[in-house]
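Asks: First, the structure itself, so that you have it in front of you.
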Amino acid sequence: MTLDRRRVCAVVAASAVLVYLGALWNGFALDDQPIIHLNPLVHSWSGMWRAFAHSYWPESAGGEFYRPLPIATYAFDGTLTSGATWWFHLINLLWHAAASLAVAVLACHWRGEKAGLIAGLLFAVHPVHVEAVANVVGRAEIMAALFVLLSVYAALAWRSVAWSTAALILGILCKENAAVIPGLVAWGWILGLDRPSRARMAGFAAAWTAAIAFCFTVRWFVLHGYMGRGDLAQFIGADSISVRLTAIAELADVARLLLFPLHLRVDFSPAERTLVTSALDPRFLVGLLCTVALVALLIFAWRRGQTMEAFGLGWIAISYLPVANVVIPIGVLIADRALYLPSVGIALAAGSWIVRLQVPRRALAIAAGLVAAGAARTALRVPVWRSDTSVTLSIVEDSPHSYLGAQFTASILLRSGNPSRALGYYRDATAIFPYDPRNLLGGADAALTVGRRVVADSFFAAADRLCGRCRMHYTTEAGLARARGDTAVADTLLARLARGGP
């Protein structure tokens, strides 16, 4: 590593940490609570190895996904510091700094130190990363992205089957989207970033196939065959064509978040985002236009020999495909955190393009302006993830039509001893979206707390029609009631569950 490259790495790493220093004052928010704070695995050293035999979400909260490496790191953090939240956030910052360094090194290898510095800085301060870095459970996104970068670099720069495959396994054990590694490396081969022999390519293919098969076989056994969430909220009752039209329409949001991330939001749920049922819907047409623009830019860069720009643009498409809902609905329509890995592509393409400009001062001004704007937006966004309350206020402000804003507000009111107002918000959430059992059982909980048994029974009946006895949701709501001291309500919830069966 040259001295210049060391300086590049130092600046990129320092910038990645500096813009997120405010996260050290953040607590646990939203999914941090069940996955970390209330997860028994996280509070003992044994959780570091027991994580490999358990689901990512605790069984009491649904038992979904298999991502043992992030849970193992949470167990280390939680046991070492007795659950100090600032430590969890500090480790997130360090993982993000490592990922930013990997972006810089990847760009340096093919485009030189200037491109590496710009790409690394753009990635380090990109505002779309705030959800992944400032919310502790976003660590799965960061770790997976880092191992993807390491695997791609090992394949394209070192031609190492062993190191690339090892990083692939580690990436998938962080999050399933790391399985895009073969596609990214193959894209690099197509563009000519490296041209190994056919025998070497076959070796890569065989090793990757075995590794992916192994990871998903272990996942299947641990989860007992459970492979993902049910239908996405917006897609309930939708035909396959409407699902794809809606997914393509959301590509406009993806483009906006990658290129102009001024307006960020926590939530894209109904009725904030609704189903697209016609190819003539303007939302679909805008999303399609963004797709065509990406393809056109990629072809333009390829034909002009701008290899790194083409590689970056292709990276966006390949890495976003698993979460795009175009192939399989995944349970989330769109989320800022899902763009952590795709944003590597925009950083690589932009870094290479800026260096290619013929006027050095103009290139410097563009790079400095983008980095400064990104850093400012990121630093200002970090406090949104300080607590459940701050996140809820953000949802209410940024996504006024969202049912989750009302649901989270109701939950906070219920915990703070204001069940009457909580009941009203649960009714609002149910009116917007009647298919979430948490609205119904939360409403029943609030109604029982204020002594309105008839209202509670109506919520119970709706929940039973929706999902039978909703064992997980009943037990979760009972636990919440007991935690705030409403033992009688908790006993009523559990007794109802016991009488009706699961």
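Asks: When only Cα pairs under 8 Å and 6 or more residues apart are kept, what is the percent relative contact order across region 421-502?
Replies: On the way: 85 pairs, mean separation 20.0, N = 82.
The value is 24 percent.
Asks: OK, next. Starting from the 7 Å offset along Cα-to-Cβ, what nm value, one decimal, do you get for the label separation of THR487 and VAL396?
Replies: 3.3 nm
Asks: Let me ask something else about it. How far is the Cα center of region 134-207 from the Cα center of region 383-406, in Å?
Replies: Going from one Cα centre to the other spans 36 Å.
Asks: For region 63-203, what class follows from the C-alpha gyration tensor (a ≥ b ≥ c being the square roots of its eigenvalues): rounded when a/c is under 1.5, otherwise prolate if a/b is larger than b/c, else oblate?
Replies: On the way: a/c = 2.59, a/b = 1.53, b/c = 1.70.
Oblate, since a/c reaches 1.5 and b/c is not below a/b.
Asks: Helix 282-303 against the longest principal axis of the chain: what's the angle in degrees, Cα atoms only, rounded to the nearest 10?
Replies: The angle comes out at about 20 degrees.
Asks: Cα centroid distance between region 6-39 and region 320-368, in Å?
Replies: 20 Å
Asks: Using Cα-Cα distances under 8 Å and only pairs 6 or more residues apart, what relative contact order does region 1-155 have, in percent? Before the final figure, lay out each step's value.
Replies: Numbers: 224 pairs, mean separation 45.4, N = 155.
For region 1-155, the relative contact order is 29 percent.
Asks: Right, another one. Starting from region 264-358, pick out the chymotrypsin sites (Phe, Trp or Tyr not before Pro) whose DSSP state is loop and whose Cβ has at most 13 other Cβ atoms within 10 Å.
Replies: Answer by residue number: there is no such site.
Asks: Counting each DSSP H run of 4 or more residues in the chain as -39500 (n - 2.57), what helix-only mean residue ellipticity at 222 nm follows after dividing by all residues, to the nearest 500 deg cm²/dmol? Before the final figure, lay out the partial values.
Replies: Working: 23 runs with 329 residues, N = 502.
Only helices count here, giving -21000 deg cm²/dmol.
Asks: Can I ask one more? What is the packing order of peptides 354-364, 16-26, taking the mean over residues of other C-beta atoms within 10 Å and listing the highest first?
Replies: On the way: 354-364: 13.1, 16-26: 20.1.
Ranked from most to least packed, the peptides come out as 16-26, 354-364.
Asks: I would also like to ask the following. Of all accessible surface on region 334-411 at a 1.4 Å probe, what whole percent is carbon and sulfur?
Replies: Accessible surface attributable to carbon and sulfur in region 334-411 totals 66 percent.
Asks: ALA206 versus ILE236, label points 7 Å from Cα toward the beta carbon: distance in nm?
Replies: Spacing of the two 7 Å Cα→Cβ label points: 5.0 nm.
Asks: Can I ask one more? So how far apart, in nm, are the two label points at ALA296 and THR274 if each is 7 Å from Cα heading toward Cβ?
Replies: Between ALA296 and THR274, the simple spin-label model gives 3.0 nm.
Asks: Evaluate the relative contact order of the chain (contact order divided by residue number), counting alpha-carbon pairs under 8 angstrom at least 6 apart; express in whole percent. Please report the intermediate quantities before stating the final value.
Replies: Values: 830 pairs, mean separation 81.5, N = 502.
That works out to 16 percent.
Asks: Something else now. Largest first and in whole Å, what are the equivalent-ellipsoid semi-axes of the chain based on the Cα gyration tensor, each being the root of 5 times an eigenvalue? Working shown, then result.
Replies: Details: eigenvalues 332, 117, 105 Å².
Rounded to whole Å, the semi-axes are 41, 24, 23.
Asks: Find, among the trypsin sites (Lys or Arg not before Pro) in region 283-335, those assigned to loop by DSSP (not H, G, I, E, B) with at most 16 other beta-carbon atoms within 10 angstrom.
Replies: Those that pass, being in a loop and sparsely packed, are ARG304.
Asks: Could I ask something else about it? Using the beta-carbon distance between ALA376 and LEU321 and R0 = 41 Å, what value does 1/(1 + (r/R0)^6) give for FRET efficiency, to the nearest 0.05? All intermediate terms of the calculation are to be shown ahead of the outcome.
Replies: Working: r = 31 Å, r/R0 = 0.77.
Computed FRET efficiency for ALA376 and LEU321 comes out at 0.85.
Asks: Provide the gained length on full extension for the span ALA495 to ALA365, in nm with one decimal, where the gain is 0.36 nm per separating residue minus the Cα-Cα distance. Can you show the working numbers first?
Replies: Working: separation 130, 0.36 × 130 = 46.80 nm, distance 6.64 nm.
So the chain would gain 40.2 nm between ALA495 and ALA365.
Asks: Still on this model: Taking the highest mean first, how do the peptides 250-263, 123-136 order by number of other beta carbon atoms within 10 angstrom per residue? All intermediate terms of the calculation are to be shown ahead of the outcome.
Replies: Values: 250-263: 17.4, 123-136: 27.0.
So the order, starting with the most tightly packed, is 123-136, 250-263.
Asks: Taking the inverse of the average 1/r across all pairs of different Cα atoms in region 349-475, what Kirkwood radius in Å do you get?
Replies: Working: mean 1/r = 0.0572 Å⁻¹.
For region 349-475, the Kirkwood estimate is 17.5 Å.
Asks: Would you kindly calculate the translational diffusion coefficient of region 270-314, applying Stokes-Einstein with the Kirkwood radius from alpha carbon pairs, for 20 °C and a viscosity of 1.002 mPa s, and quote it in µm² s⁻¹ without decimals?
Replies: Details: Rh = 12.2 Å.
Translational diffusion coefficient: 175 µm²/s.
Asks: Still on this structure, I have one more. Any idea of the accessible area per residue across the chain, 1.4 Å probe, to the nearest Å²? Before the final figure, lay out each step's value.
Replies: Details: 21210 Å² over 502 residues.
Heavy-atom SASA per residue in the chain reads 42 Å².
Asks: For region 150-292, which whole percent of the accessible surface, found with a 1.4 angstrom probe, sits on carbon and sulfur atoms? Numbers along the way, then the final one.
Replies: On the way: 4680 of 6670 Å².
Carbon and sulfur: 70 percent of the exposed surface of region 150-292.
Asks: In addition: Given charges of +1 on the Cβ of Lys and Arg and -1 on the Cβ of Asp and Glu, with all other atoms neutral, how large is the dipole of the chain about its Cα centre, in debye to the nearest 20? If you can, show how the numbers build up before the last one.
Replies: On the way: 42 positive and 31 negative charges, 220 e Å.
Dipole of the chain, to the nearest 20 debye: 1060 debye.
Asks: What is the dipole size for region 47-178, taken about its Cα centre, with +1 at each Lys and Arg Cβ and -1 at each Asp and Glu Cβ, in debye to the nearest 20? Numbers along the way, then the final one.
Replies: Values: 7 positive and 7 negative charges, 73 e Å.
Charge dipole, region 47-178, about its Cα centre: 360 debye, nearest 20.
Asks: Hey, what D do you get for region 1-155 in µm²/s if you plug the Kirkwood alpha-carbon radius into Stokes-Einstein at 20 °C and 1.002 mPa s? Could you put the intermediate results ahead of the total?
Replies: Details: Rh = 16.2 Å.
Once the numbers are plugged in, D ends up at 133 µm²/s.
The values are calculated or read from the model by the stated rules, or taken from the named source; none is laboratory data. Here the structure is a predicted model, which is why all the values come from computation and not from measurement. Positions of Cβ are generated from backbone atoms using ideal geometry, with glycine treated the same way; all protein chains shown enter the neighbour counts. Remember, those area values only see protein heavy atoms, side chains included, never the ligands or the DNA or RNA. Shrake-Rupley method; radii C 1.70, N 1.55, O 1.52, S 1.80 Å.
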